[in-house]
Structures are given as C-alpha cells and as structure tokens.
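Below is one structure, written out as structure tokens; comments come after it.
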Amino acid sequence: MSEKLEEHIRLLLAGQNLNEDTYIAHSVQHEADGGKNIYTTTDTNYVPICQKTVTYIVAAVVVNDKNEVLMMQEAKASCSGKWYLPAGRVERNENLIDAVKREVLEETGLIIEPKTLILVECASGSWFRFVFTGDISGGNIKTSDEANEESLQARWVHNVEDLPLRSNDIIPLIERGRNYIQNKTGLQHPYIMPLSKPLSKLLLQLIITAKKRATNKLHMVTLDTGLLHLPVCEINPNRSLLSTLHNFMTEIFGTDVAPHKPHGLLMVEFSGNHDGDGLCLTLLVSFKLPVEEVPIIGKYSWYQASEDIAEAITTRLPRNMTVPLNVKNSLEVFLDDYVSLRDVLAQLMMFDSHF
C-alpha cells in the first residue's frame, strides 16, 4: 500500500495529475464510506457553489522585459478611474487557468500564457484569490478608445505607486511577482499550475514531516484506514484557514502539539466544472523536534519516506520553495474586493446627506 502513497506524493511534487485511485480521488467520496477518511471541521452541510457560497478570485502579475507591470484602469462605478492588476471572479464551471486568461484578455486586450501560481490568499474559509504570473503571447493592449464595462484602458507601468490605486493590497503581490520572475534569491519553487480534479468539498491536505533521531530518516504523518493516506480535512467555510489548520493539528497531535512550521502550498487542485466547485490545498508542514518527541494520537501514525521521496520533500522545505499561503481578515477582503476605504467613507457620507 505504501507504493500508492509514494506515487501520489511523487506525482504531486512533480505537478502532475494524480492517479484516480490515489487519496484525493478516493477520499472525496466520503459520503459513501461514512467520512472515515476526512476529518470534518464543521457540522454543517456546506456545499461550495461558485459565486454563491464560495468566492474564487484570479489575478495576474505580468512583468515585461523593462520591469513594467501590466495594469488596468477600473470601469465600475465604485472605483472608476482607479488602477489595479487584471483580476476578477471565477465563473461557474470555469477552471482557474481559463479564468485568468479570460480576465487578462477582457481587461487589457492581451493574451496571457500562465506559467505558475505565485501566491494564494484566503479568508473565512470561503474566499480565495489565486495569483498567477505568465507571459504575453498576443493581443493588443487596450486603449481608452476601447473602454467598456470591463475596464477603461490598460498600460505597462514601472512605478505602480504613482497611480491612484483601487487598493494598496496589490503592492505585495507585484513585489512577489517581480521577485519570482527576476529570481534574485536563487531559491524558488518550480512552476506550479493548478490541477483539474472533480471535487465537491473544500479540502486541506497536509504533508507533515519530521526526522527520526535514531536514524535521521524523514517521516511523514499518514492515516491508516486499510490504505495509507495523507491527512485531509474539510476547510471550515466560516472560520479562518489558520483555525482549520489548528483544529486539524490538534486532532492529529492533541492539544499539546509541538511547535511546527507551515511552509506553504505544494499543490492546488481545483474542480471548476460540472463535478462541483471544490478545491484541495496541499500544505507542507514540518517539525523541528524529532519524531520521538512528537507523539501522535488516534488513527494517525508516522511513516518513513523512501530516500527519493524524502529528498524531494526536503528540497521544498527552505524559504521560497513553496507557494505562499496568506490569510486575510474579512475587512481586508471587503475592501480589496469591492472598493477602497476612501470610497466606503465617501459613500457613507453621501448616504447620510440624504437624511
């Protein structure tokens, strides 16, 4: 059974589609097996429905050979004339790659070939923003004469801070994109594109590692229900993802769980079709303490990884070797997704003046 587990991890780390008989494909059918393979963080019968019960946003940080960033000028009334990255909501039955291509084309007139995710943001367990970078392969940049409801125009901009921005939340996204493209650090994660997988739930999958003191071998946490599986839990849509992670780690290690480090994402699997609007985020977590000092409770256990799997995971532990996962609060999401704080205050003042 360990061969299937290691094949699952090998494909995941290589960014390739996972075999249909590996864990995610099997475990999402938990309605049929009583939910034995997924730790449930909520008692609700929540179903992710795009643009109704879950919000998915895509954004693109595109930088040309002059270090200029592709920007678009907003057309919607709440922030008309302000500038922002090409971004927007994922539509029903649309995957993330098609969504970012569509948004860039609609708002800038240019055709993007996405290369990799560079950042994922989330809030309240039911709002996610996927930030891509890529290359422009065609199209013509949108001029003010082509203004429509999608945008007023697009422009390549060197000093983004000089523009009136819809929100300053894109500044760290642009910095992240430029750093990834220019690769100043020398260490960064390989190209990671979301994989298509039929999913009807919001799931968090963990690769949790520690080394055994006696052998210096890398071990991973597994769930053994007849087959070895990586730990997976449902994401609570009403709580922060950090809360989901904390509760899940407590489920595995007890309330006195040792200090551990969430590194970032190794993979994003996304449905975006008629099979559901779910996703699965695979997060890498490590303990500094040896296996002997990190006891596990319940149905989980430590599994010794083979040498090639251990090496592949170890190379992803340093900084910048995973896709950052940033957790935002609900107020930030409201301001970023709709209007700036100044616009909110202006609207409140206008509302008050009518009474």
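The values are calculated or read from the model by the stated rules, or taken from the named source; none is laboratory data. Note that the coordinates shown come from a computational prediction; the quantities given were computed from them, not determined experimentally. A quick note on method: Cβ atoms are made from the backbone with ideal geometry, for glycine too, and the neighbour counts reach across all protein chains shown. The accessibility values were calculated without ligands, DNA or RNA, using every heavy atom of the protein model including side chains. Shrake-Rupley method; radii C 1.70, N 1.55, O 1.52, S 1.80 Å.
Values computed for the structure shown
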{"quantity": "Greater than 24 Å apart at Cα, pairs in K299/K328; K4/K261; K76/K197; K197/K217; K66/K115", "calculated": "K299/K328; K4/K261; K76/K197; K197/K217"}
{"quantity": "Percent carbon-and-sulfur accessible area, region 170-261, ignoring ligands, DNA and RNA, probe 1.4 Å", "calculated": "52 percent"}
{"quantity": "Antiparallel DSSP beta bridges within region 49-133, percent to nearest 5", "calculated": "65 percent"}
{"quantity": "Extension gain (nm, one decimal) between N216 and N168, 0.36 nm per residue minus Cα-Cα", "calculated": "12.7 nm"}
{"quantity": "1.4 Å probe accessible area per residue over region 134-206, in Å²", "calculated": "51 Å²"}
{"quantity": "Listed peptides 67-80, 156-169 by packing density, highest first (mean Cβ within 10 Å)", "calculated": "67-80, 156-169"}
